[in-house]
Structure formats: structure tokens, C-alpha cells
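Just below is one structure, and these are the notes that go with it.
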Amino acid sequence: MTTIQHPTSSLHIVGHQKRWAALARAFAKDRVPQSLLISGPPQTGKETLARRYAQLLLCPNVATDDDSLPAPCGHCRICHQVEIETFPDYKVFRPVVSLTVNEIASDLLEGSSFLVDMARDFSFEAMMRPTVGARRVMMIVQCERMNMQAQNSLLKTFEEPVRGLTIVLLADNPGQLLSTVRSRLWHLPLGLSPDAEIASWLHAQFAQAAPDLVRQSLRVAHGRAGAAWRETRRLMAQDEAEEVPLPRFAEAEKLVARIAKSQPVGALGLTEEALRLARTWWNEDQNLERADKSSKSAGKKLDAKEMRSATARFLDELATVYRARWEQSLKGENGGGSRLAEPAVWALGLDQVRRTRHYILRNANTNLALDVLFGRLIANQRGGAKTAPNTGNHAGFVGR
């Protein structure tokens, strides 16, 4: 192990240092749990902890931190690729929803979103050998959305992963997992972080943030570091910009409203707007997340790989809007004023957004993939549930 003090990384563990220390000590003793469950409320840092752990497992230049515990270097090519989820031996599976024309199942909100055929696809992927080093990491986000058959089909995979594979499951509600699944996983529950730790981290991330602004963020976050970071960034943008920028969710909502009103030819204009937002948000994140606040990346032209990653982040925000609209429509609420708010339309759109994200990160042509996506989303809205194209009679998850 290389000894390097103060490794750099933009993945900050806030309020969960003891949990990170447990993982690091297990790594130092070569007792890495092959099947790990990280649970906790939304935006508490589960995915950040899991991604940093993946960096530790895959980094070729493991360093030591101030407590003499192993830590990823945080600045090598592999650490960067893990952070933006493009490393070939790091696979992340996120939930998607696909409904047929006649299937509008409200119980999907209860967690029955992953069917057995998709779980078998995960098991097949889990048998692959590493392509770069000696280890692979596979992660399932919101794993509690698997139905009973899917969970049962993965029992052997969780209990006996192939050599060199680490499986990490993330859950907001681990109680929805079968006891037979939980018994096969090393469980690492995360709680809410102390306001003092979140405040200290926010002051380090946003040196110009006024104390009152940080206090406002803490009130919104309620112990969730991720929520506090996002709220602080939003409040600072309001204070500093001559024209107050809309939150990203609101920007994505505006785009969804355009989709509902567009003709098929409007797909090209939507692609142009999507790419503009993707570049803007990517540069904002780079400036905010890196230690060098004097970076001039705001005017930097993104290369093809960065553009794919930026577009994937944009599609994450678009998927959030579609999921929110889907949940509203299941409850009988109007989908943000959209002309069509049928559950099948929103569910199908969510599925298409997620799949497009997957294809783009697999080197599909970004512009063409977005053109096709927006064309389909427009067709969904114009045709409604009666004519929405069917992408399969299942609800599952897709790797990316």
C-alpha cells in the first residue's frame, strides 16, 4: 500500500466516519464483505459512501488518511471514472419502470418494481470477470424495490459472489427486503448526520456562504448532508446571480412541459436545450465540487466522454421529474399542468429516459440518442396510454 497523506477526492463522507472506518479496516485486513447493504433515509450519503468504497476497492494507488486508514487516492484515472460511473468494472443498476397499455399498477409505489427476469440478468452480469484489475463492484440502488421472486432469485448470488466481485446494495427502506436476503448481507445502516458536521462541511465547500444561509440549508435538510449541499448551492445562486436561476428540478419541469406541447419535429429543439442544460450543470458541478474554486471550467468545451457524463446527469434530473409525475398521476393529481397525466405515459417515459442514459454511457451517439428519446416522449404525450409504444410487460432495472 502506498502511503500518501491527505488524498484528494470530491466524495466527502459527512457524519458517517465510523461507518467508513469500519469499511476501511475490513479492507486493510483483507476481509472485504462481498455482499454489503447500506441503508438510510434519502440524501444521507449512502451513494457517496458506496462510491468512495468502490474507489477504495478499485484504486491502484491506495493511500492512507489522517487516521492511518486506507483510502482511495481520489485523483487517478480509475477513481475519476468510478466517480462519474464510467469505469468498466464498476456497474450501477438503477430502477426503471415499464408499464403496458392496460397495466396501471398502483402497488408499484409499494416496492414491487423489479421482476425475476431482470434479477437473472443481474446474476448473469455478476459472473463476468474483471476487465482491468482483480476486482469488480456491482451496485443496486433502491434494492428494496425488488419483488419477492427477484429477491429469491438473487439469494445464491448474494451468498456466494464470484471471486473478486463485491456487491453493494443501497436501500432507503431495508425492512422491505426479505429476511433471507438481509441475512446474507453485511448491513451498514446510516442515520442522520449532526448539524454541526454538516455545517462545517458546507462552510468548507462554500467558503462565501453566509452563516444565516447555511442555517437555512440545515433547516431544510434535517440531518441529510446531500439535501443541505443542494439547498446551499441553490441559495447562493440566488444571492449571487443578477438573474436568479431556477432549481434544476424546475428547469427539467419546464422541458417536460415543452414535451407535452411539442410536435414531433420539436424533438431537435428539445435535444439542443437538453445539451445546453447538461453542459451548464456539468460546469457548475465541476466548479462547486473541486477544491480549486478559481477553476475556469465554466467556459471549457466538454470532450465526448465528459459530454456523455454530463448528459447522464441531466437525464437523472429528467427521470426525477418523470417519477414525480408518475407518482402524482397514480394519486389522481394533475401532472404539473401537463395535458396528459396518465400513469402509463409517465412510467413509459421514465423507462425510456433511464434506458437512454444507459445507452449513452455505453458510447451511443449522444445527439442521436436524445433525438430518439424526445421523439418517443412527444409521441407518448400526444398518443396517451392508448397508443404509447410498449417496451415490455415488466418492471425492472437496467445496468449502466
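The values are calculated or read from the model by the stated rules, or taken from the named source; none is laboratory data. For clarity, every value in this text was computed on a predicted model and none was experimentally measured. Reconstructed Cβ throughout: ideal geometry from the backbone, glycine too, with neighbour counts over all protein chains shown. Accessible surface areas use protein heavy atoms only, side chains included; no ligands, DNA or RNA. Shrake-Rupley method; radii C 1.70, N 1.55, O 1.52, S 1.80 Å.
Tell me which residues come under 5 Å, amide H to amide H, from V168 once H is placed; ignore anything under 5 positions away on its chain.
Here L36, M138, M139, I140 satisfy the definition.
So what's the range 178-239 giving for Rg/Rh, alpha carbon basis, Kirkwood Rh from the mean inverse pair distance? The partial results should precede the final answer.
Values: Rg = 15.6 Å, Rh = 12.9 Å.
With Rg and the Kirkwood Rh in hand, the quotient comes to 1.22.
By average Cβ neighbour count within 10 Å, what is the ranking of 186-193, 305-312, 46-53 from highest down?
Values: 186-193: 16.5, 305-312: 20.2, 46-53: 22.8.
Put in order of decreasing packing, that is 46-53, 305-312, 186-193.
Amide H neighbours of L188 under 5 Å, counting only residues 5+ apart in sequence or on other chains, H built in-plane at 1.01 Å?
L37, I38, S39
Across the range 62-74, in residue order, what do the Karplus-derived ³J(HN,Hα) couplings come to in whole Hz, using 6.51 cos²θ - 1.76 cosθ + 1.60 with θ = phi - 60° and x for Gly and Pro?
The phi angles translate into 4, 10, 10, 9, 5, 9, 6, 9, x, 8, x, 5, x Hz.
If I compute solvent accessible area with a 1.4 Å probe over the protein chains, what percent of it on the range 149-281 is carbon and sulfur?
Whole-percent figure for carbon plus sulfur exposure: 52.
Starting from the eigenvalues of the Cα gyration tensor, five times each then square-rooted, give me the equivalent ellipsoid semi-axes of the range 22-75, largest first, whole Å.
Values: eigenvalues 75, 36, 22 Å².
Listed largest to smallest, the semi-axes of the range 22-75 are 19, 13, 10 Å.
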